[in-house]
Each structure stands twice: as C-alpha cells, then as structure tokens.
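Peer 1: Could you have a look at this structure, given as structure tokens, before my questions?
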Amino acid sequence: GSHKAAGNSTAVWGNRNSGIGIRSKAAGRFLIGEREWREPVLVSPALAIAWKVTRAEELAVETLKDLPAIELLVVGCGARSVFLPPSLRASFKAVGVALEVVDTGAACRIYNVLLAESRKVGAALIPL
C-alpha cells in the first residue's frame, strides 16, 4: 500500500496545461493534484510543496522563494481568517505579490477559480 510519511517534503509538479488544482479539503488534509497533504502546504499552478509554518501569521516573503513567480497569494488561515499586519502586506507588495487573506475553505475555492482563469496565483494553506 501507499504510505504517507510525516514531514515528507516530496514536491508535486503540475502538468503544463491545467496546473495543480485543489481537489478536496477534508478536516486536517488536502487533496492537491494526486497527493494528500496533512500539513501546511504552498500551492502554485506548477508546484505544491510543504510550507514550514504552524500558523498563517508566520507568513513571510521568503516563503515564496520555492514557488514560481506569482502575482497573488491566497492565504488560507484555517477555520477563520486572521489579521496580517500592514507591514507584511507591504513586504509582499514590494515584490509584486498581492495578498488575499481568508479562511482555508474560501482560499481553496478562490485559488481554483483564479487557476481556471490562468492567473499567476498561489495558495498558502493551513489545514482545518
């Protein structure tokens, strides 16, 4: 059978045509592309990788260094949206990335809609 090792940072690469979509989000996990994730995850049309945080407030511009260029990052904070300080938003704006900060369920929906529109979107998701 397949085993899911904790902390396994295996990247999932998207196919060029459609990009990686978020297929489902049961409690505490995401199905992204073909892989199930039970930890925070960064998703872009080309790549999904483990996001080494425990809370959305730990977001930083350095977070994006492993993702291909995006122009909007949808941050899924868990069950509820959290307040991210203006200084943090400014640091992302300085590198050309807008932030959309919402609960994780909404983040998955927004990401999928923008992905379908071929936008350069990424998602930073904390499991519910």
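Peer 1: Quick one: what pairs do we get from the stretch 53-69, first residue free of Cβ contacts under 8 Å to residues at least 40 places away in the same chain and closer than 20 Å to PRO86 by Cα, second aliphatic (A, V, I, L, M) and open to solvent by 50 Å² or more (accessible area, probe 1.4 Å), C-beta under 9 Å, 6+ apart or different chains?
Peer 2: VAL61/ALA94; VAL61/VAL95
Peer 1: Would you point out the residue of the stretch 26-46, among those that are farther than 24 Å from LEU72 by Cβ and of a type in the set (A, V, I, L, M), that is most open to solvent (accessible area, probe 1.4 Å)?
Peer 2: In this case the residue turns out to be ALA27.
Peer 1: Among the residues that make up the stretch 24-38, is at least one of them over 23 Å from LYS93 (Cα atoms) and among the hydroxyl-bearing types (Ser, Thr, Tyr)?
Peer 2: yes
Peer 1: Separate question: Tell me yes or no: at least one residue of the stretch 117-124 is open to solvent by 20 Å² or more (accessible area, probe 1.4 Å), under 12 Å from the mean Cα position of the chain (by Cα) and of a type in the set (A, V, I, L, M, F, W, C). Show your work before the answer.
Peer 2: Our first condition is that a residue be open to solvent by 20 Å² or more (accessible area, probe 1.4 Å); within the stretch 117-124, this holds for 117-120.
Narrowing further to those that are under 12 Å from the mean Cα position of the chain (by Cα): none.
No; the residues of the stretch 117-124 include none that is open to solvent by 20 Å² or more (accessible area, probe 1.4 Å), under 12 Å from the mean Cα position of the chain (by Cα) and of a type in the set (A, V, I, L, M, F, W, C).
Peer 1: Take VAL113 and tell me if it is outside any loop (DSSP other than H, G, I, E, B), more than 19 Å from TRP37 (Cα to Cα) and out of contact with any Pro (no Cβ under 9 Å at 6 or more places or on another chain). Talk me through it step by step, then tell me what you get.
Peer 2: Numbers: outside any loop (DSSP other than H, G, I, E, B): yes; more than 19 Å from TRP37 (Cα to Cα): yes; out of contact with any Pro (no Cβ under 9 Å at 6 or more places or on another chain): yes.
The answer is yes for VAL113.
Peer 1: Within the stretch 33-52, track down each residue that is in contact with a helix residue (DSSP H, G or I) (Cβ under 9 Å, 6 or more places away or on another chain) and free of Cβ contacts under 8 Å to residues at least 24 places away in the same chain.
Peer 2: Correct list: LYS52 only.
Peer 1: Among the residues of the stretch 106-116, count how many are within 19 Å of PRO40 (Cα to Cα) and open to solvent by 20 Å² or more (accessible area, probe 1.4 Å).
Peer 2: Qualifying residue count for the region: 3.
Peer 1: Which strands (runs of 3 or more DSSP E) sit wholly inside the stretch 47-105 and have at least 1 residues that are modelled with pLDDT of 95 or more, open to solvent by less than 60 Å² (accessible area, probe 1.4 Å) and under 14 Å from ALA123 (Cα atoms)?
Peer 2: It comes to 72-76, 98-102.
The values are calculated or read from the model by the stated rules, or taken from the named source; none is laboratory data. Treat the numbers as computed from the prediction; the structure is a model and nothing was measured. Reconstructed Cβ throughout: ideal geometry from the backbone, glycine too, with neighbour counts over all protein chains shown. These area figures cover heavy atoms from the full protein model, side chains too; ligands, DNA and RNA do not enter into them. Shrake-Rupley method; radii C 1.70, N 1.55, O 1.52, S 1.80 Å.
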